[in-house]
Amino acid sequence: MTEPVPPRVPARTLWVGCGRLGRRAGAALVDGGGEVLALRRDPHAVPRGFRPVAADLSAPLEESLPACDAMVITLPPPEGADGYETPLRHLAAALPHRPARTVFVSSTRVFEGYAQQADPAPVLTEEDSPQPLTARARSLLRGEQVAAELFGAIVVRPAGIYGPGRDRLLRTVREGRPVAHRRRTNRIHEEDLARVLLTLLVHPDPPPLLHAVDGAPVRLGEVVTHLAGRLALPVPPAEEPDPGHGTVLDGSRMAALLGALVHPDFRSGYDAMLDGPAR
């Protein structure tokens with residue numbers, strides 16, 4: 001189902017790294033009368049109604065990109081020692097002017113350093129400092145910094161994204177693979193994440209940083225137990241050891257911005273996936 005059309009959509013939005021999330025949110029922009037330019041290395045998978053822009057940001061672009069009013073960056077962390085630094089600077093150099101509104105999609109992975117803390121775990125808000133440990137997390141954090149420097153970007157940090165076509169946990173339950181039952185987890189349904197990005201593109205006074213998480217951080221065992229019940233399958237066994245690591249993230253700022261979520265917890269989201277076609 002196409003997302004609700006936000007008011008005052010940007011006339012032209014450049015979606016950098018237009019994948020599943022871009023297709024969902026971009027359709028609402030098109031429905032609202034806006035133009036969506038989908039920048040991808042391979043432009044052949046661009047949805048109908050989007051304008052494809054073929055570009056590889058690992059090298060300087062030979063031609064300037066079209067001017068745009070807004071931009072959303074959903075690039076996965078690039079390979080290489082400098083991570084986002086190179087593609088974002090190539091992107092900035094190819095734009096005729098800085099868009100009025102840019103959103104950079106990062107990840108709550110930047111908090112991975114908190115995951116080893118024993119219970120009760122701290123509830124992390126946007127005011128808490130990231131603690132990246134891995135190269136991927138450090139790349140994400142550096143991407144946030146460069147996007148803010150070059151474009152004045154709003155940073156969105158989604159937790160585990162799930163939804164139609166993002167069914168890794170359902171496959172885990174069906175296959176009966178062991179799961180860390182005590183691990184603390186956070187998630188966001190793709191439908192609500194698309195709503196977040198659309199809202200940030202049009203909001204008159206958006207926050208500079210936002211955690212995209214639903215209102216129900218929960219142990220992973222509770223999730224797989226629910227899924228196993230819905231699928232009439234045995235609950236997957238617990239991994240050994242299962243120390244109960246993971247983070248707990250606060251979604252109050254997102255809730256204040258967005259209002260009620262379509263899928264406020266994992267039961268709503270996964271039940272919708274199991275009960276019928278994609279929304």
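When you look at Gly33, is it without any contact (Cβ under 8 Å) to a residue 40 or more places away in the chain and on the phi > 0 side of the Ramachandran plot, yes or no?
On the way: without any contact (Cβ under 8 Å) to a residue 40 or more places away in the chain: yes; on the phi > 0 side of the Ramachandran plot: yes.
It is true that Gly33 is without any contact (Cβ under 8 Å) to a residue 40 or more places away in the chain and on the phi > 0 side of the Ramachandran plot.
Go through the stretch 250-276 and count every residue that is in contact (Cβ under 8 Å) with a residue 12 or more places away in the chain and not in a helix (DSSP H, G or I).
7
When both residues are 6+ apart or on different chains and their Cβ atoms are under 7 Å apart, which pairs have a first residue that lies in the stretch 201-224 and is over 17 Å from Glu191 (Cβ atoms), and a second that is basic (Lys, Arg) and assigned to a loop (DSSP other than H, G, I, E, B)?
Val202/Arg8; Arg219/Arg182; Arg219/Arg183; Leu220/Arg183; Gly221/Arg182
So which of Arg182, Arg157, Arg166 is touching a helix residue (DSSP H, G or I) at 6+ places or on another chain (Cβ under 9 Å), closer than 26 Å to Arg8 by Cα and charged (D, E, K, R)?
Arg157
Do we have Leu91 as in contact (Cβ under 8 Å) with a residue 60 or more places away in the chain, under 22 Å from the mean Cα position of the chain (by Cα) and not in a loop (DSSP other than H, G, I, E, B) here?
Considered against the rule, which asks whether it is in contact (Cβ under 8 Å) with a residue 60 or more places away in the chain, under 22 Å from the mean Cα position of the chain (by Cα) and not in a loop (DSSP other than H, G, I, E, B), Leu91 comes out as yes.
So, in the stretch 168-186, how many residues would count as being of a type outside the set (A, V, I, L, M, F, W, C) and either surrounded by 15 or more Cβ atoms within 10 Å (Cβ to Cβ) or in contact with a Lys or Arg (Cβ under 8 Å, 6 or more places away or on another chain) (or both)?
The number of residues fulfilling the criteria is 7.
Taking the stretch 26-44 as the region of interest, how many residues are surrounded by fewer than 17 Cβ atoms within 10 Å (Cβ to Cβ) and among the hydrophobic types (A, V, I, L, M, F, W, C)?
Total meeting the criteria: 0.
Please report, ordered by residue number, the helices (runs of 4 or more DSSP H) entirely within the stretch 149-249 with at least 1 residues that are farther than 18 Å from Leu274 by Cα and at pLDDT 95 or above.
Helices (runs of 4 or more DSSP H) meeting the threshold: 190-202, 220-231.
The values are calculated or read from the model by the stated rules, or taken from the named source; none is laboratory data. Because the structure is predicted, anything quoted here is derived from the model rather than measured. Note that each Cβ is placed from the backbone with ideal geometry, even for glycine, and that neighbours are counted across all protein chains shown.
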